[in-house]
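Okay, structure first, notes after.
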Amino acid sequence: MPINKLAACHKLAGAVLTIQLLFSVTVSQTQQFNYDEAKVGAYTLPDPLVMMNGRKVASPRDWAKRRQEILRLFETNVYGRTQKSTTRISFAETSRDPKALGGLATRKEVTVFLTGKKDGPKMNVLFFLPNNRKQPAPVFIGLNFNGNQAVSNDPGIALAASWLRDAKDTGAVNNRATEKSRGTESSRWAIEMIVKRGYAVATIYNGDLFPDHKDGLKESVIPVFYRKGQTALEAYDWNAIGAWAWGLSRAVDYIERDKDLDAKRIALIGHSRLGKAALWAGAQDERFALVISNESGEGGAALARRNFGETVERINTSFPHWFCGNFKKYNRDVAALPTDQHMLLTLIAPRPLYIASAQEDQWADPHGEFLSAKAADPVYRLLGTDGLGANEMPGLHQPITTTIGHHIRAGKHDVTNYDWEQFLNFADKHLRRNH
Ligand code: GTR
């Protein structure tokens with residue numbers, strides 16, 4: 001065969017091979033994720049009521065010990081160990097509008113200096129306080145994805161100063177917030193509804209704590225707390241989710257010192273990746289009186305061992321900065337994890353916990369979120385609560401409001417007014433006045 005023909009032949013073969021390769025990559029990528037309940041396979045969950053030494057947890061007293069064990073397991077294997085800060089926060093109010101939301105609320109912004117020093121790391125907390133209140137207001141607190149200015153169209157809110165994802169939906173230019181980024185996340189924050197029901201709203205941009213990209217570490221709060229001589233993360237160190245959770249606790253430090261707010265009645269909410277952070281914050285810090293996970297999925301409420309939707313390997317690959325280094329060891333061997341996510345939920349017990357899912361959000365495995373809540377139920381019952389009041393996942397729009405609450409609604413991955421109505425009903429029922 002003449003040489004040029006041979007080359008052409010090779011080229012063709014190469015092209016065919018490339019096409020075949022592309023095809024098989026696409027096929028294996030789609031096949032990698034299972035959406036068929038029949039193909040989930042068998043798995044055994046670690047028992048939250050058995051100590052590592054094999055002893056059964058039979059009383060609330062035993063549970064206090066087991067709880068510490070489980071916390072350590074999550075620190076070491078999943079989210080990383082939160083570095084203790086030795087300094088106290090300080091803060092400054094930077095804005096106040098007593099006639100926000102047409103007079104319904106007082107809007108205020110507070111800068112929290114996370115090491116107490118003005119030139120150290122800081123986060124901005126945005127509050128809406130109901131004006132119609134006779135005592136300190138209970139609070140819904142949660143992180144937001146796109147900056148505080150994104151949760152409302154109120155032009156008085158300061159634009160986020162930290163890194164922001166450049167995308168149409170964020171209104172950011174060169175990774176900075178612009179006027180266009182106002183209100184871009186407001187459909188997820190039913191602020192008026194919440195305020196009308198007598199609750200304050202508090203929110204923080206997660207990027208103030210750890211910019212959400214794989215090189216976000218250096219601009220995050222974490223290096224500020226490096227141990228002496230430390231220059232990089234150890235496999236057990238905290239990462240983005242740990243930093244986000246930590247920031248939520250620093251906001252509680254502030255709330256405890258604000259007499260407009262009732263620090264004994266704080267409901268913590270998070271959606272998706274921020275739902276993972278909310279669960280981890282609620283697990284570590286018992287000052288959160290109630291915790292809500294909205295579609296937190298893999299690494300949140302959903303069971304890791306269930307082969308359905310997103311996987312441990314996929315989340316660690318797409319978001320290497322979220323979990324600790326050790327978590328990556330389980331990418332291909334989830335069964336070896338000493339934890340599963342139902343154990344994260346048990347760390348919130350006996351405090352009220354609400355798990356919300358959406359039917360079209362199969363990536364987050366709604367059934368796996370429900371089964372996780374179910375597997376946390378024995379701990380809730382041991383601690384004297386009514387646990388989760390259902391054996392099977394209820395149909396759409398049939399909320400459960402026992403101490404572990406739950407709903408699945410129609411529609412996509414999102415936070416909707418329907419979700420907020422259920423969260424408010426749940427908080428009305430469970431966040432009783434403590435004084
Ligand atoms: C997805 C991720 C999910 C969830 C989601 C979100 O890309 O795979 O685990 O966290 O992002 O935060 O919206």
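The values are calculated or read from the model by the stated rules, or taken from the named source; none is laboratory data. Please read these numbers as outputs of a predicted model, since none were measured by experiment. Methodologically, a virtual Cβ is constructed for each residue, glycine included, from the backbone with ideal geometry; neighbour enumeration extends over all protein chains shown. These accessible areas exclude ligands, DNA and RNA; they are computed on the full protein's heavy atoms, side chains included. Shrake-Rupley method; radii C 1.70, N 1.55, O 1.52, S 1.80 Å.
Listed values, structure above:
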| quantity | calculated |
| --- | --- |
| Residue check, His413 under 17 Å from Glu298 (Cβ atoms) and assigned to a loop (DSSP other than H, G, I, E, B) | yes |
| Test: residue in segment 374-386 that is within 16 Å of the ligand (Cβ to nearest atom), crowded, with 19+ Cβ neighbours inside 10 Å and within 26 Å of Arg432 (Cα to Cα) | no |
| Filtered residues of segment 91-110 (kept if in contact with a strand residue (DSSP E or B) (Cβ under 6 Å, 6 or more places away or on another chain) and surrounded by 17 or more Cβ atoms within 10 Å (Cβ to Cβ)) | Phe91, Ala100, Ala105, Thr106, Arg107, Lys108, Glu109, Val110 |
| Count - residues of segment 150-190 that are of a type in the set (Lys, Arg) and surrounded by 14 or more Cβ atoms within 10 Å (Cβ to Cβ) | 4 |
| Candidate set from segment 277-326 (those that are small (Gly, Ala, Ser), part of a helix (DSSP H, G or I) and within 16 Å of the ligand (Cβ to nearest atom)); member that is most open to solvent (accessible area, probe 1.4 Å) | Ser318 |
| Any hit, segment 141-149, residues being over 19 Å from the mean Cα position of the chain (by Cα), under 23 Å from Asn425 (Cα atoms), of a type outside the set (D, E, K, R) and surrounded by 16 or more Cβ atoms within 10 Å (Cβ to Cβ) | no |
| Checklist (1) in contact with a Lys or Arg (Cβ under 8 Å, 6 or more places away or on another chain); (2) away from the ligand (no atom under 16 Å from the Cβ); (3) not hydroxyl-bearing (Ser, Thr, Tyr) applied to Lys329, failing item | (1) |
| Residue in segment 126-141 that is part of a loop (DSSP other than H, G, I, E, B) and without any contact (Cβ under 8 Å) to a residue 60 or more places away in the chain present | yes |
| Residue within segment 260-273 that is assigned to a helix (DSSP H, G or I), open to solvent by less than 10 Å² (accessible area, probe 1.4 Å) and more than 15 Å from the ligand (Cβ to nearest atom) present | no |
| Among (1) assigned to a helix (DSSP H, G or I); (2) more than 28 Å from Thr311 (Cβ to Cβ); (3) open to solvent by 50 Å² or more (accessible area, probe 1.4 Å); (4) touching a residue at least 40 places away in the same chain (Cβ under 8 Å) - the single one Ala427 does not satisfy | (3) |
| All positions within segment 347-360 that are open to solvent by 10 Å² or more (accessible area, probe 1.4 Å) and either part of a helix (DSSP H, G or I) or within 16 Å of the ligand (Cβ to nearest atom) (or both) | Glu360 |
| Residue check for Ala281: touching a residue at least 60 places away in the same chain (Cβ under 8 Å) and of a type in the set (A, V, I, L, M, F, W, C) | no |
| Subset of segment 65-77 (residues that are in contact (Cβ under 8 Å) with a residue 60 or more places away in the chain and basic (Lys, Arg)) | Arg67 |
| Count - residues of segment 302-347 that are touching an Asp or Glu at 6+ places or on another chain (Cβ under 8 Å) and among the hydroxyl-bearing types (Ser, Thr, Tyr) | 1 |
| Near pairs, Cβ below 7 angstrom, 6+ apart or cross-chain, from segment 50-64 (more than 19 Å from Asp340 (Cα to Cα)) to any residue that is assigned to a loop (DSSP other than H, G, I, E, B) | Pro60/Leu383 |
| Leu101 vs. criteria within 21 Å of the chain's Cα centre (by Cα) and of a type outside the set (Ser, Thr, Tyr) | no |
| Flag for Leu344 being away from the ligand (no atom under 16 Å from the Cβ) and at negative phi | no |
| Residues being modelled with pLDDT under 95 and surrounded by 15 or more Cβ atoms within 10 Å (Cβ to Cβ) - total across segment 30-84 | 1 |
